[in-house]
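The values are calculated or read from the model by the stated rules, or taken from the named source; none is laboratory data. For clarity, every value in this text was computed on a predicted model and none was experimentally measured. Glycine also receives a Cβ, built like all others from the backbone with ideal geometry; neighbour counts cover every protein chain displayed.
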């Protein structure tokens, strides 16, 4: 059992906070291949809040399904306090996931989360932790998020659920974030809501986080920032491609809509991107396909059609050309 002093490291900076009767308790459930950056970005603001205030405003424990250490996605093994079991009254429970979240979110973990939810607990997901919440059956009709890379396979796995691509979401008793630095934004918000903006701002400065980003911000940069190009026609075409990865895009009609010719669009792609519009769109489709193969149990044929390819042979050939291996090998060793 940890003592209260274990949660209050010494530091120079200090922010006065009224003495709390009892700390806010959190339980972090770490799954195999979890994201260490999401986990540390969540827990460090709590540690810093305790350090600045000089008291245990927050207490936390880290648990795994069986109580054994868990290896995160970068290969490091992380010790835990115990296995699944009773949590302290009023605990907030967060699932921290990462790579292959559908595989790592076991039925036992999902049942545990559903049990905590029914007790009236606040529950949440960090990075791809929403997979465990979805398997627990508590996300229907809720607003939630997860890391953008996991959005396409998640939607294929849970077609009735509608995640949003933003940094974090607080929907009543369900808190989710995209992982990475977004976990810091969410947990600074938790500090602010429970202990005030002054302490939250001080934690923000200690994290060298610049400023707290609002929840609704998109996880990914704009197309113009990503490709380093601000040509409005090129950006508009790429955005339309991203919105219609699984369908056909009539480039002639789209060009006319933008007030240019198809040939002008093709020249823009060749000049600024180095590939044709069709090659660029196929690249987006193959990236989506690779994610579905890695994160879902969909057959190769299902992935091909879900990503806009007319035949499995066409898809397989394009996939091999881009990644140097057939799609079946990308399915974590399972036959397609």
Given (1) in contact with a helix residue (DSSP H, G or I) (Cβ under 9 Å, 6 or more places away or on another chain); (2) surrounded by 13 or more Cβ atoms within 10 Å (Cβ to Cβ), identify the lone condition not met by residue 299.
(1)
Suppose we filter region 306-322 for residues that are touching a helix residue (DSSP H, G or I) at 6+ places or on another chain (Cβ under 8 Å) and either crowded, with 16+ Cβ neighbours inside 10 Å or outside any helix (DSSP H, G or I) (or both); how many remain?
10
Regarding residue 235, is this residue surrounded by 15 or more Cβ atoms within 10 Å (Cβ to Cβ), closer than 24 Å to residue 318 by Cβ and at pLDDT below 90?
no
Filter result (within 22 Å of residue 149 (Cβ to Cβ), in a helix (DSSP H, G or I) and more than 26 Å from the chain's Cα centre (by Cα)) within region 230-278
none
Can you name the condition, by its number, that residue 65 falls short on among (1) modelled with pLDDT of 95 or more; (2) part of a loop (DSSP other than H, G, I, E, B); (3) in contact with a strand residue (DSSP E or B) (Cβ under 6 Å, 6 or more places away or on another chain)?
(3)
Mind checking which residues of region 1-53 are within 19 Å of residue 146 (Cβ to Cβ) and either in a loop (DSSP other than H, G, I, E, B) or outside the structural domain of residue 85 (by TED's automatic domain parsing) (or both)?
31, 32, 33, 35
Residue check: is residue 160 at pLDDT 95 or above, in the same structural domain as residue 39 (by TED's automatic domain parsing), closer than 21 Å to residue 295 by Cα and in a loop (DSSP other than H, G, I, E, B)?
yes
Give, as residue ranges, the helices (runs of 4 or more DSSP H) completely inside region 70-138 that count at least 1 residues that are out of contact with any helix residue (DSSP H, G or I) (no Cβ under 9 Å at 6 or more places or on another chain) and free of Cβ contacts under 8 Å to residues at least 40 places away in the same chain.
107-118
Inspect all residues belonging to region 23-32 and state whether any of them is loosely packed, with under 13 Cβ neighbours inside 10 Å and farther than 22 Å from residue 70 by Cα.
no
